[in-house]
Each structure stands twice: as C-alpha cells, then as structure tokens.
Amino acid sequence: MAMKKKKTQLKDIINSDRLLLSSDTSEMICYDLKNVLLEYFNLEGGVSIVVEPTKDSYQITVKATAVAVKSFGIIR
C-alpha cells in the first residue's frame, strides 16, 4: 500500500514539474497564438493562457479580445 502511495506522489510531482511553464515559454506560446488569431480577428490587446492540470491531461484556456472578425473566404 505504501508503494502505491509513493507512486502516486511521484506522479503528482512529475506532473506539476511538467506544468510549470517558464515565462519565456509562456510568452512564446502567447506570441504564436496571437499571430494565428490575427489571421481571423482584429485583436484589442494581447493574448493570455492558463494551463491547469486535470486528472489525466491539461485544460488550456486562451483569452483574447477581438473588436472585429476579419472577412475571409474558404479555399476549395
């Protein structure tokens, strides 16, 4: 039983270490997301992200404010 508890604790530690994004990494992700969003929207301000662990994955929330949707056509 103690071994199972230690295994769970180790898994939690590893997951929390993976979750930690350096400020440089977070800035780079926001920069990339902003460039993608700018293809479709006129943004007001920047883009932010929040990464939260769930049971077996991560919930990633992207926040941005757009003042307009750009018109675009569908390529067939």
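Carbon and sulfur together cover what percent of the accessible area of the chain at a 1.4 Å probe radius?
The nonpolar share, carbon plus sulfur, comes to 59 percent.
Measure nothing fancy, just the Cα-based angle from helix 23-37's long axis to the longest principal axis of the chain, in degrees from 0 to 90, nearest 10.
The answer is roughly 40 degrees.
Could you check the simple spin-label distance between V69 and E27, using points 7 Å along Cα→Cβ, in nm with one decimal?
3.4
Using the crude model of +1 on Lys and Arg Cβ and -1 on Asp and Glu Cβ, and no other charge, please compute the dipole size for the chain relative to its Cα centre, in debye to 20.
Charge dipole of the chain: 560 debye, to the nearest 20.
Mean residue ellipticity at 222 nm from the helices of the chain, using -39,500 (n - 2.57) per DSSP H segment of n ≥ 4 over the full residue count, to the nearest 500 deg cm²/dmol?
-14500 deg cm²/dmol
K7: which lysines have alpha carbons under 19 Å from its alpha carbon, excluding same-chain residues fewer than 8 sequence positions away?
Filter leaves K55.
What's the Cα-based Rg to Rh of the chain, Rh via Kirkwood?
Result: Rg/Rh = 1.20.
Rolling a 1.4 Å sphere over the protein heavy atoms, what is the accessible area per residue of the chain, to the nearest Å²?
I get 90 Å² per residue for the chain.
The values are calculated or read from the model by the stated rules, or taken from the named source; none is laboratory data. Everything quoted here is computed from the prediction, not taken from an experiment. Cβ: placed from backbone, ideal geometry, glycine included. Neighbour counts: every protein chain shown. Remember, those area values only see protein heavy atoms, side chains included, never the ligands or the DNA or RNA. Shrake-Rupley method; radii C 1.70, N 1.55, O 1.52, S 1.80 Å.
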